[in-house]
Amino acid sequence: MNIIETKKLTKFYGKTMGITNLDLTIHEGEIFGFIGPNGAGKSTTIRTLLGLIYPTSGSATIFGKDIIKFGPEIKEEIGYLPSEVFYYDNMKVIDLLKYSGSFYKKDSKIISKRIRELAKYLDLDLKKKIDDLSYGNKKKVGIIQGLLHEPKLIILDEPTGGLDPLMQQRFFDLLRDENKKGVTILFSSHILNEVQKLCDRVAIIKDGKIIKVDTIRSLAENTHKRFKLETAVRVDKSRFTGIKGISDLVITDNSVSFLFRGHINEITKIIASINLTNMLVEEPDLEEIFMHYYV
Amino acid sequence: MNIFWQELRFYRRTTIIWMVAFAVGIFCYMSMFTAFSHDVSQSMKLLQGFPPAVRAALGIRIESFFTILGFFGYMLTYLWLIGGIQAMNLGTGILSKEISGKTADFLLSKPISRFKVITSKLAAALVIIFLTNIVFVASSYFSAMTFKTKDFDTNIFALTCLTMLFVQLFFLSLGFLISVLVPKIKSVLAFSLPIVFGFFIIGMLDTIIGAENARYLTPFKYFDVGYIATHSAYELRFILTEVVFVFFCIIASYVIYIRKDIQAPA
């Protein structure tokens with residue numbers, strides 16, 4: 001089942017483009033990464049899905065229901081954590097979370113129990129005033145308010161800012177646990193490392209358009225690989241000339257490194273003719289893949 | 001209903017301050033009636049010293065100033081001004097604070113329609129205005145009863161007091177409309193004060209100029225205390241003007257709010 005499906009979703013802010021003809025399908029139970037630099041259209045997509053802004057054209061469904069017609073019904077099962085969290089400063093954390101919980105049909109006792117569990121897990125003092133919290137602790141409030149009603153879909157828009165590495169790890173563990181229960185996660189970020197750690201599939205967005213959707217594994221496999229050869233003697237550059245798919249070639253006295261994209265047998269034939277002392281073949285990380293699409 | 005109750009909690013302290021200010025202010029002012037009515041001829045001489053245009057602009061009617069209703073009616077113009085500021089602040093702030101406080105994303109990502117959000121907020125604002133008016137009427141009546149020198153017509157007094165509700169509804173609905181039209185209101189007071197004072201000044205100028213049709217321009221001129229005292233009623237044409245204005249503002253606010261994009265907090 002598709003949890004999120006957009007068809008030619010387009011949003012213009014006046015004459016300025018936000019997103020154009022966005023076709024995106026997110027399946028039930030997957031952790032879907034949404035990557036792109038600031039201004040690429042990630043937040044516009046998310047805000048449109050949440051009904052905070054209206055599409056200029058195109059359509060989108062969540063849980064098979066139109067996002068505009070069934071907005072409130074859909075949001076019953078969505079947990080949202082924005083990149084920057086803002087709450088009512090004069091409220092106590094517990095009051096804000098209870099207020100947040102009061103919007104959902106779930107039993108208030110179950111929600112209260114869930115608030116206490118999550119607060120304990122994230123080490124958050126519920127009695128403090130929002131105004132007295134550090135940014136990281138406000139982010140924890142954001143995480144709890146996004147998860148307290150046990151949503152079926154969690155939408156995260158650059159969620160880790162302000163969280164220390166330990167808390168980031170706990171947060172990721174929490175997301176993985178939710179995912180194991182069948183929860184679908186849309187994880188938008190420009191921090192590629194965290195997307196790589198967490199996500200199954202990823203969409204790369206550039207200038208408001210999706211330019212690639214694939215599994216992280218497939219992206220890594222089908223793009224270039226980095227070869228690092230340690231050699232007994234200096235290798236002549238001419239050995240690599242004329243071979244398709246080689247780039248970023250660097251030769252020193254005892255090493256050769258290059259990026260390769262193509263048929264693996266072609267390159268292994270060349271390597272076999274070199275007197276090697278060691279060889280490394282590395283999958284590119286998401287950052288390298290990302291740069292490949294962006295530069 | 002959760003938004004409704006939450007808004008009442010948010011505005012609890014401010015509303016109490018407004019109510020106390022009204023009650024204390026009215027009581028203090030009305031307490032001066034004893035002094036004015038003690039020596040009518042002396043006080044009358046003092047008021048007659050003012051040029052007629054100034055008296056008209058300030059709303060002083062010598063013929064009724066020395067009755068408790070007339071004395072109260074004189075101050076009413078200024079109470080409307082204060083009440084207008086309260087209502088305008090409330091109308092402008094209750095929706096726009098979600099944008100200026102950057103909490104709109106929190107609220108509107110919850111499973112609730114924008115129609116319900118705006119209705120809950122409007123309902124809360126109306127309750128605050130009604131509660132303020134109950135205190136206003138009660139404290140006015142108590143003060144009048146305490147400092148009266150003769151009996152007065154309570155029906156006319158009640159009608160006179162209720163004008164505050166109409167003036168506040170005018171500014172509440174105007175504030176509501178402004179809050180959805182202006183993308184981001186950083187300071188509610190900086191918006192509401194000039195607007196309310198603007199209407200007040202139009203009212204003062206209208207009194208000096210004496211153009212009858214200009215009365216439609218400002219709610220401060222919709223209610224003539226002299227007319228109410230004579231007819232025991234409001235002027236229907238201005239009540240209709242107000243009703244049309246209030247409905248227009250509220251309906252337009254709903255339409256705009258439901259359709260508008262909520263921009264990301266910057």
Among B:223, B:245, B:171, residue whose mean-square fluctuation peaks in a GNM of chain B (springs only between Cα atoms under 10 Å) = B:245
Residue among B:73, B:175, B:198 with the largest mean-square fluctuation in a Gaussian network model of chain B, springs linking Cα atoms under 10 Å = B:198
Is there a simple number for the mean count of other chain Cβ atoms within 10 Å of the Cβ of residues in A:191-203, and what is it?
-> 0
Ranked by accessible surface with a 1.4 Å probe, highest first, in what order do B:238, B:166 come?
-> B:166, B:238
Going down the table (A:15/B:260; A:65/A:181; A:120/B:102; A:92/A:138; A:106/A:129; A:120/A:180), which pairs top 19 Å between alpha carbons?
-> A:65/A:181; A:120/B:102; A:106/A:129; A:120/A:180
On a 0 to 90 degree scale, rounded to 10, what angle separates helix B:188-209 from the longest Cα axis of chain B?
-> 40
Here the tail fraction of P(r) beyond 16 Å, over all Cα-Cα pairs of the stretch B:1-98, rounds in percent to 66
Determine the residues within the stretch A:36-82 where the difference in accessible area between the chain on its own and the full set of protein chains amounts to at least 50 Å²; count protein heavy atoms only and use a 1.4 Å probe.
-> A:47, A:52, A:54, A:72, A:75
Other residues with Cβ under 13 Å from the Cβ of residue A:187 give, with Lys and Arg +1 and Asp and Glu -1, a net charge of -2
Calculated P(r) tail over 27 Å for the stretch A:67-192, as whole % of Cα pairs | 12
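Restricting to the stretch A:2-220, what percent of DSSP beta bridges are antiparallel, rounded to 5? Before the final figure, lay out the partial values.
On the way: 22 of 40 bridges.
Percentage antiparallel, nearest 5: 55.
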Using 7 Å Cα-to-Cβ label points, what is the residue B:158/residue B:232 separation (nm, one decimal)?
-> 1.1
Along the stretch A:98-106, Karplus-curve 3J(HN,Hα) (6.51, -1.76, 1.60; θ = phi - 60°) to the nearest Hz, with x for Gly and Pro, reads 5, 4, 4, x, 5, 7, 9, 6, 4
Which distance in nm do the two modelled labels at residue B:48 and residue A:89 give, with both placed 7 Å along the Cα-to-Cβ direction?
-> 5.7
Whole-number Å³ per residue for the convex hull built on Cα positions in the protein assembly as shown | 201
Peptide A:90-99: average number of partner chain Cβ atoms within 10 Å per residue?
-> 2
How long is the gain from residue A:226 to residue A:263 if the chain were fully straight, where each residue apart is worth 0.36 nm and the alpha carbon distance is subtracted?
-> 11.9 nm
If one takes the longest principal axis of the Cα atoms in chain A, at what angle in degrees, from 0 to 90 and to the nearest 10, does the Cα axis of helix A:165-180 lie?
-> 80
Take every Cα-Cα distance within chain B, group them into 10 Å bins from 0 onward, and report for each bin the whole-number percent of pairs it holds.
-> 7, 28, 32, 20, 10, 3, 0
Give the calculated FRET efficiency between residue A:287 and residue B:239 to the nearest 0.05, with a Förster radius of 60 Å applied to their Cβ-Cβ distance.
-> 0.30
Computed over the stretch A:80-145, Kirkwood Rh from alpha-carbon pairs, angstrom = 11.8
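Can you give the Rg to Rh ratio of chain A, both from alpha-carbon atoms, with Rh computed by the Kirkwood formula?
1.09
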The alpha-carbon center of the stretch A:150-198 and that of the stretch A:232-294 are separated, in whole Å, by 35
4 °C / 1.567 mPa s Stokes-Einstein diffusion coefficient of the stretch B:223-266, Kirkwood radius on C-alpha pairs, µm²/s | 98
Karplus-derived 3J(HN,Hα) from phi for the stretch A:20-26 (6.51 cos²θ - 1.76 cosθ + 1.60, θ = phi - 60°), whole Hz, x at Gly and Pro, runs 10, 6, 7, 10, 9, 10, 10
Once the Cβ-Cβ distance between residue A:123 and residue A:181 is put in as r, and R0 is 22 Å, what FRET efficiency do you end up with, to the nearest 0.05?
-> 0.45
Helix axis angle, A:108-122 relative to chain A longest principal axis, alpha carbon, degrees | 40
Amide H contacts under 5 Å for residue A:210, restricted to residues at least 5 apart in sequence or on another chain and with H modeled in the peptide plane, are A:23
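Among DSSP bridges having both ends in the protein assembly as shown, what percentage is antiparallel? Round to the nearest 5.
Taking every DSSP beta bridge within the protein assembly as shown, about 70 percent pair in antiparallel fashion.
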Connecting every pair of Cα atoms under 10 Å apart in chain B and solving the GNM, the largest mean-square fluctuation among B:230, B:77, B:14 falls on B:230
Could you check what % of the DSSP bridge pairs in the stretch A:223-294 are antiparallel, to the nearest 5?
-> 100
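Please report, as a whole percent, how much of the solvent-accessible surface of chain A comes from carbon and sulfur atoms (probe radius 1.4 Å).
49
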Over the heavy atoms of residue B:55, what accessible area does a 1.4 Å probe trace out, to the nearest 10 Å²?
-> 50
Averaged over residues of B:107-118, the number of beta carbons from other chains lying within 10 Å of each residue's Cβ is 6
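From largest accessible area down, sort A:214, A:200; use a 1.4 Å probe on the protein chains.
A:200, A:214
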Calculated from backbone phi, Karplus (6.51, -1.76, 1.60) coupling profile of the stretch B:160-174 in Hz, x at Gly/Pro | 4, 5, 5, 4, 4, 4, 5, 4, 5, 5, 4, 6, 4, 5, 5
Given backbone amide H placed at 1.01 Å from N, residues whose amide H is under 5 Å from that of residue A:3, ignoring those fewer than 5 places away on the same chain, are A:26, A:27, A:28
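The values are calculated or read from the model by the stated rules, or taken from the named source; none is laboratory data. Since the structure is predicted, the reported quantities are computational estimates derived from the model, not experimental observations. When we count neighbours, we look across all protein chains shown, and the Cβ atoms used for this are built from the backbone with ideal geometry, even at glycine. For the accessible areas, the whole protein counts, side chains as well, though only heavy atoms, and no ligand, DNA or RNA atoms are used. Shrake-Rupley method; radii C 1.70, N 1.55, O 1.52, S 1.80 Å.
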